[in-house]
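Please treat every number below as a calculation from the coordinates, not as lab data. A quick note: this is a predicted structure, and the numbers were derived from the prediction, not measured. Note that each Cβ is placed from the backbone with ideal geometry, even for glycine, and that neighbours are counted across all protein chains shown.
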Amino acid sequence: MTKMKILITGVVTVFIFGFLFWEHFHGGVASHHILQQQNLPAISNWWNGLFLPVLTWFLLSRTEKRLGKQSSEVHQPNNLHGKVIKLFVTGLVLGVLIATSFTNGYSLFLDNVPYIILVLSLIIPIYYSEFILGFILGMTYTFGAILPTVFILVLAAIGIITYRFIRPLILKLIMKFTAKPDKSPNH
């Protein structure tokens, strides 16, 4: 797994520095104002060169640690790796959809993002590191890495509550109402 972490972190590092150098030679490196307010501080994309590789390594380490615990409990560790990839891709796709919608002004989608994420957090653990990494990478081109990180950490906190506490209650209610009563004759 350490070789995989090095490879993925290396790819992310090359990607981000390639992007930063491209920006530098095509009009300058962008900065992003907090909450899109010009009177609030701006965060330069140059910070992504340090932040994104460190964040990638950290999130992959957390995923590795969780997989280590889960693989000792589960008989099919390959299934766990498939779930990691699915969560990563789901986060990546959601991040790209949000970034694309923002860039193109699709406010109908953007207005419903909180509801989409709430429903998604009932289905999957959006607070897992691989989902968070995919989400941040999906939004990095448009927003840099720092603002999406703050955004997803707030959503992940909501996701923990939803997935661990609200979801089990909903599943119990569904099981209670869909369970077939035992029909035994009372003769």
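Pick out, from 85, 136, 110, the residue whose Cα sits farthest towards the positive end of the charge dipole of the range 65-184, with +1 on the Cβ of Lys and Arg and -1 on the Cβ of Asp and Glu. Projecting each Cα onto the dipole axis, the largest value belongs to 85. The candidate values are [x] 87, 41, 22; [y] 45, 43, 25; [z] 50, 31, 27; the one derived from this structure for Cα extents along the principal axes in Å carries the label [x].
Taking the Cα centre of the chain as origin, sum charge times position over the Cβ atoms of Lys and Arg (+1) and Asp and Glu (-1), and report the length of that vector in debye to the nearest 20.
840 debye
For residue 38 and residue 70, a Förster radius of 41 Å and the Cβ-Cβ distance give a FRET efficiency of 0.35, rounded to the nearest 0.05. For the pair residue 161 and residue 122, the difference between a 0.36 nm per residue extended length and the Cα-Cα distance amounts to 13.1 nm. Only lysine pairs 8 or more places apart, or on different chains, with alpha-carbon atoms under 27 angstrom apart are counted in the chain, and they number 17.
Relative contact order, whole percent, for the chain stands at 20, derived from Cα pairs under 8 Å and 6 or more residues apart. By the combined test of axial Cα extent (at least 24 Å) and Kyte-Doolittle hydropathy (mean at least -1.0), the qualifying DSSP H helices of the chain come to 2-25, 48-73, 77-104. Rounded to the nearest 500, the helix-only mean residue ellipticity at 222 nm of the chain stands at -24500 deg cm²/dmol, with each DSSP H run of n ≥ 4 adding -39,500 (n - 2.57).
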